[in-house]
Amino acid sequence: MDKTFVTYEEALSILGAHAAQFPLEARELKDCIGLCLAEDLIADRDFPPFDRVTMDGIAISFEAFASGAREFSMEGIAPAGSPRQILQHPRHCLEVMTGAILPEHTDTVIRYEDLEISGNKARLLTDAVKPRQNVHFQAIDMASGALIVPQGRLLSSAEINIAAAVGKSSLKIRKLPRTAIISTGDELVAIDQTPELHQIRRSNVYGIQSTLKTWGMPSDLHHLPDDPEAMTRDISLLLESYDLLIFTGGVSKGKFDYLPEVLTALGIRKHFHKIQQRPGKPFWFGSGADGTVIFALPGNPVSSFVCVAVYLKYWLNKCLGITPPPLYARLRNDVRFEPNLVYFLEARLASTPEGVLEADPVLGNGSGDFANLVQTDGFLVLPQNKMEFKKGESYLFVPYRMPF
């Protein structure tokens, strides 16, 4: 193997060593989904803040039930959202609604389904009553001042719920880099054009842009011709406007693959070019003196897809200080791969009744067969220095979607 080719592990190490420190910004809560939280979310009151009724029915003192009471006179009704009421007589009850404050001098709620109500009398239809049932007691989830969500968490709907509950109309988040995705090549035309026989529509950039959008990263699209002078001029302008440039195409050994030499001429430092893997071997990574980061991906669509899912995501997680747990899947079929390279094998996920995650390989027609990607869910990472991969063996899985 050519010594200029780094290994998969070396590539990850270099990417991690060049992780950026993204600045902080405040953003409205509605715009924070998928972003990285940059502050702790602290309970500003107890969770729940009061003894909360969880079933429509009546509230009683369990002591009255334990002493033999099975019929209760109703003193009134306590709806959700009203101030706390007080039970006046220990062998009486109050009607209560879900979400109401449990009335004072009561500790147990009996649901309507277990009652017969006539006039102002409620008679129990069951003896299966437990003390403190159907009540969500104050501070049982979290006490006031407790840390609920630590900073560094990617914000899902669950964390957004918590932020709203503690009164956060905006949050401090890690500001993601200003990003441009740039296609290269004279054979590429806009998606609304009808290509000639020798042309194809630009598609890679839209797939990458959509992937970044799921990560909370907006991006702009650009295109460069196969002309060193025009590329130098346009990339120079892009370097002034963006923090992250993602190129597709122009990084292999073709006579019109000018991108590496143009980047070098513009003062971009190369950290590696080419990885011992398939697909995605001619991946180029570098950075500028001002901190601009460059991912120059292969032009073949499956290759660029792999490099985004594996390496760009890894770098982004490192920048955010996030270490997601690895995901492993078990091979459903034997696979043989002879080249001494890491093999990113396209596979479809399935879950067995025993709770095992399995990967079903879906072999396509090479790195240009991006139609095959719609049949699969991600890539099994099959290690180097091995040719036979047996059914039942487990390997790291890099998803680009979860089918469940």
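Suppose we filter region 160-217 for residues that are loosely packed, with under 13 Cβ neighbours inside 10 Å, without any contact (Cβ under 8 Å) to a residue 24 or more places away in the chain, of a type outside the set (A, V, I, L, M, F, W, C) and over 28 Å from Y311 (Cα atoms); how many remain?
6
Considering (1) surrounded by 15 or more Cβ atoms within 10 Å (Cβ to Cβ); (2) at pLDDT 90 or above; (3) under 26 Å from the mean Cα position of the chain (by Cα), say which one F389 fails and leave the rest.
For F389, the failing item is (3).
Within region 87-107, count every residue that is under 22 Å from G119 (Cβ atoms), open to solvent by 30 Å² or more (accessible area, probe 1.4 Å) and more than 39 Å from the chain's Cα centre (by Cα).
Residues in region 87-107 being under 22 Å from G119 (Cβ atoms), open to solvent by 30 Å² or more (accessible area, probe 1.4 Å) and more than 39 Å from the chain's Cα centre (by Cα): 6 in total.
Looking at (1) over 27 Å from Q375 (Cα atoms); (2) in contact (Cβ under 8 Å) with a residue 12 or more places away in the chain; (3) assigned to a helix (DSSP H, G or I); (4) within 31 Å of the chain's Cα centre (by Cα), which is the only condition T232 fails?
(4)
Exactly one of these conditions fails for W284: (1) surrounded by fewer than 17 Cβ atoms within 10 Å (Cβ to Cβ); (2) of a type outside the set (D, E, K, R); (3) at negative phi. Give me its number.
In the conditions (1) surrounded by fewer than 17 Cβ atoms within 10 Å (Cβ to Cβ); (2) of a type outside the set (D, E, K, R); (3) at negative phi, W284 misses (1) alone.
Taking G364, is it more than 26 Å from K386 (Cα to Cα) and of a type in the set (G, A, S)? First the steps, then the outcome.
Working: more than 26 Å from K386 (Cα to Cα): no; of a type in the set (G, A, S): yes.
Answer is no for this residue.
So T248 clears everything in (1) within 15 Å of S304 (Cα to Cα); (2) in contact (Cβ under 8 Å) with a residue 24 or more places away in the chain; (3) out of contact with any helix residue (DSSP H, G or I) (no Cβ under 6 Å at 6 or more places or on another chain); (4) of a type in the set (S, T, Y) except one condition, right? Which one?
Of (1) within 15 Å of S304 (Cα to Cα); (2) in contact (Cβ under 8 Å) with a residue 24 or more places away in the chain; (3) out of contact with any helix residue (DSSP H, G or I) (no Cβ under 6 Å at 6 or more places or on another chain); (4) of a type in the set (S, T, Y), only one is false for T248: (3).
Considering only residues that are farther than 21 Å from T179 by Cα and in a loop (DSSP other than H, G, I, E, B), look in region 240-266 and name the one that is modelled with the highest pLDDT.
Initially, region 240-266 is screened for residues farther than 21 Å from T179 by Cα, giving 252-258, 261, 265.
Cutting the leftovers down to in a loop (DSSP other than H, G, I, E, B) gives us 252-258.
Working: S252: 75, K253: 71, G254: 64, K255: 68, F256: 58, D257: 78, Y258: 89.
Ranking the candidates gives Y258 first.
Report, by residue number, each residue of region 62-83 that is within 17 Å of N134 (Cα to Cα), open to solvent by 20 Å² or more (accessible area, probe 1.4 Å) and within 48 Å of the chain's Cα centre (by Cα).
F62, I77, P79, A80
Just to be sure I understand, how many residues within region 1-40 are within 18 Å of the chain's Cα centre (by Cα) and loosely packed, with under 14 Cβ neighbours inside 10 Å?
Summing the residues that are within 18 Å of the chain's Cα centre (by Cα) and loosely packed, with under 14 Cβ neighbours inside 10 Å in region 1-40 gives 3.
Take region 273-298 and flag every residue that is in contact (Cβ under 8 Å) with a residue 60 or more places away in the chain and farther than 25 Å from E240 by Cβ.
K274, I275, Q276, Q277, R278, P279, G280, K281, P298
Restricting attention to region 151-170, report how many residues are of a type in the set (A, V, I, L, M, F, W, C) and over 18 Å from the mean Cα position of the chain (by Cα).
First, the residues of region 151-170 that are of a type in the set (A, V, I, L, M, F, W, C): 154-155, 158, 160, 162-166.
Going one step further and asking which of them are over 18 Å from the mean Cα position of the chain (by Cα), we end up with 164-166.
Number of matching residues: 3.
Would you check if there is a residue in region 270-278 being farther than 22 Å from S219 by Cα and buried (at least 24 other Cβ atoms within 10 Å of the Cβ)? Break it down into steps so the answer makes sense when it comes.
Here is the first cut: in region 270-278, the ones farther than 22 Å from S219 by Cα are 270-278.
Keeping just the survivors that are buried (at least 24 other Cβ atoms within 10 Å of the Cβ) gives 275, 277.
Yes, there is a match, as at least one residue in region 270-278 is farther than 22 Å from S219 by Cα and buried (at least 24 other Cβ atoms within 10 Å of the Cβ).
How do the pairs read when you match residues in region 338-350 that are outside any strand (DSSP E or B) with residues anywhere that are buried (at least 16 other Cβ atoms within 10 Å of the Cβ) and basic (K, R), using Cβ under 7 Å and keeping only pairs 6 or more apart or on different chains?
Correct list of pairs: P339/R278; L341/R278.
Going by the conditions given, is E25 touching a residue at least 24 places away in the same chain (Cβ under 8 Å), in a strand (DSSP E or B) and within 30 Å of G152 (Cα to Cα)? If you could, list the steps in order and put the result at the bottom.
Working: touching a residue at least 24 places away in the same chain (Cβ under 8 Å): yes; in a strand (DSSP E or B): yes; within 30 Å of G152 (Cα to Cα): yes.
In short, yes.
Of the residues that make up region 302-322, is at least one open to solvent by less than 20 Å² (accessible area, probe 1.4 Å), within 21 Å of N385 (Cβ to Cβ) and of a type outside the set (S, T, Y)?
Within region 302-322, one or more residues are open to solvent by less than 20 Å² (accessible area, probe 1.4 Å), within 21 Å of N385 (Cβ to Cβ) and of a type outside the set (S, T, Y).
Being closer than 21 Å to R201 by Cα and open to solvent by 40 Å² or more (accessible area, probe 1.4 Å) is the filter; apply it to region 343-372 and report the residue that is modelled with the highest pLDDT.
From region 343-372, those closer than 21 Å to R201 by Cα are 364-372; that's our starting set.
Among the residues that remain, those that are also open to solvent by 40 Å² or more (accessible area, probe 1.4 Å) are: 365-366, 368, 370-371.
On the way: N365: 64, G366: 62, G368: 55, F370: 67, A371: 75.
Among those that are closer than 21 Å to R201 by Cα and open to solvent by 40 Å² or more (accessible area, probe 1.4 Å), it is A371.
The values are calculated or read from the model by the stated rules, or taken from the named source; none is laboratory data. Computed from a prediction, not measured in an experiment: that's the story for all the values here. Ideal geometry is used to build each Cβ from the backbone, glycine not excepted, and the neighbour counts take in all protein chains shown. The area values use the complete protein model at the heavy-atom level, side chains included, leaving out ligands, DNA and RNA. Shrake-Rupley method; radii C 1.70, N 1.55, O 1.52, S 1.80 Å.
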